[in-house]
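Participant: Got a structure for you, written out below as structure tokens; questions coming shortly.
The values are calculated or read from the model by the stated rules, or taken from the named source; none is laboratory data. From a predicted model like this one, the values you see are computed outputs, not experimental measurements. Cβ placement follows ideal geometry from the backbone for every residue including glycine, while neighbour counts extend to all protein chains displayed.
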Amino acid sequence: MNRVARLIWWRDLCGSLYGSASYGMLAGFLALTGWSFAELLRRNEGGFASAQAIWAMAVAPWLPALAAAATMRLFAEERQTGTLETLLTAPVRPYDIVMGKFGAALSLVVAGVLLALLPVYALWQVAPRMDGEFSGVGLCGVVALLVLQAAAWTAIGTLASLLAKQQAAAGVLTVLCIGAPYALYAAALAWMPRMRHHFWQWPPLGDVEDAATGLFALAPPVLYLSVAWCVLFLCVRFLEARDLQTR
């Protein structure tokens, strides 16, 4: 990320932190993940699931919603206020604009993931010898994989914000783009029950659970990085096309 992209990243990040919407977004995410963590702990009491796997399964399903909330204002707000055309006519490359805005949104999403570790720390202090003790290696591995997933979901949200005219529409489009494959996957399992013997869980959730239990593979990081790179490439191309129209 060069100097121009860093300036855009810092401008957007500070703009988000100065408003109350970002804090409300993070508070909602922490409330949902905390509730899910407590509920999954209750359901798995006496089971064999590790504590970090339970935490990961509580956080991963809410990441797309956090990414949608963090990205829906990136370009949609610029379009509503009329500053997008001004930004495009400035001597700034579309690549720098996309990377700066993507970096600002990703910073908020990663902050949400790190803040979601607070219940883990609290539980560690209250019950340090609990069954299913947290593993430092497993916890670091699952946090790293969640960050990679966050990069992919944030890239999709960035593209949705670039294409949508309204912030709410961008958020809905992000959730649909990420959730539609899951809905199709669930429908396929319901239609063909025998598939459950081979594909019993939605792959992003399965990848997180595997990482939490210490099963590391190269395919999931490559997949999420590839998704992020391809979607950001599309963002740059769409913004270049809009730049040509503006000029």
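Participant: Exactly one of (1) part of a helix (DSSP H, G or I); (2) at pLDDT 80 or above is unmet by ARG73. Its number?
Facilitator: Only one criterion in (1) part of a helix (DSSP H, G or I); (2) at pLDDT 80 or above is unmet by ARG73, namely (1).
Participant: Further, regarding this structure: Could you check segment 25-36 and list, in sequence order, the residues that are in contact with a helix residue (DSSP H, G or I) (Cβ under 9 Å, 6 or more places away or on another chain) and surrounded by fewer than 19 Cβ atoms within 10 Å (Cβ to Cβ)?
Facilitator: GLY28, LEU30, LEU32, GLY34, TRP35
Participant: Okay, next question. Looking only at segment 76-90, which residues are assigned to a helix (DSSP H, G or I) and either crowded, with 18+ Cβ neighbours inside 10 Å or not aliphatic (A, V, I, L, M) (or both)?
Facilitator: Scanning segment 76-90 gives ALA76, GLU77, GLU78, ARG79, GLN80, THR81, THR83, LEU84, GLU85, THR86, LEU88, THR89.
Participant: Let me ask you something else. Across segment 91-149, what is the total count of residues that are outside any helix (DSSP H, G or I) and modelled with pLDDT under 75?
Facilitator: Qualifying residue count, segment 91-149: 9.
Participant: Among the candidates ARG79, ARG42, ARG73, which residue alone is in contact with a helix residue (DSSP H, G or I) (Cβ under 6 Å, 6 or more places away or on another chain) and basic (Lys, Arg)?
Facilitator: ARG73
Participant: Considering (1) touching a helix residue (DSSP H, G or I) at 6+ places or on another chain (Cβ under 7 Å); (2) at pLDDT 70 or above, say which one GLY206 fails and leave the rest.
Facilitator: (1)
Participant: Out of all the residues in segment 59-94, which are within 22 Å of the chain's Cα centre (by Cα) and free of Cβ contacts under 8 Å to residues at least 40 places away in the same chain?
Facilitator: TRP62, GLU78, listed by residue number.
Participant: Here is a follow-up. Could you pull out every one of the helices (runs of 4 or more DSSP H) wholly within segment 1-62 that has 1 or more residues that are among the acidic types (Asp, Glu)?
Facilitator: 3-18, 21-43
Participant: Can you tell me which residues in segment 152-169 are modelled with pLDDT of 85 or more and not hydroxyl-bearing (Ser, Thr, Tyr)?
Facilitator: ALA152, TRP153, ALA155, ILE156, GLY157, LEU159, ALA160, LEU162, LEU163
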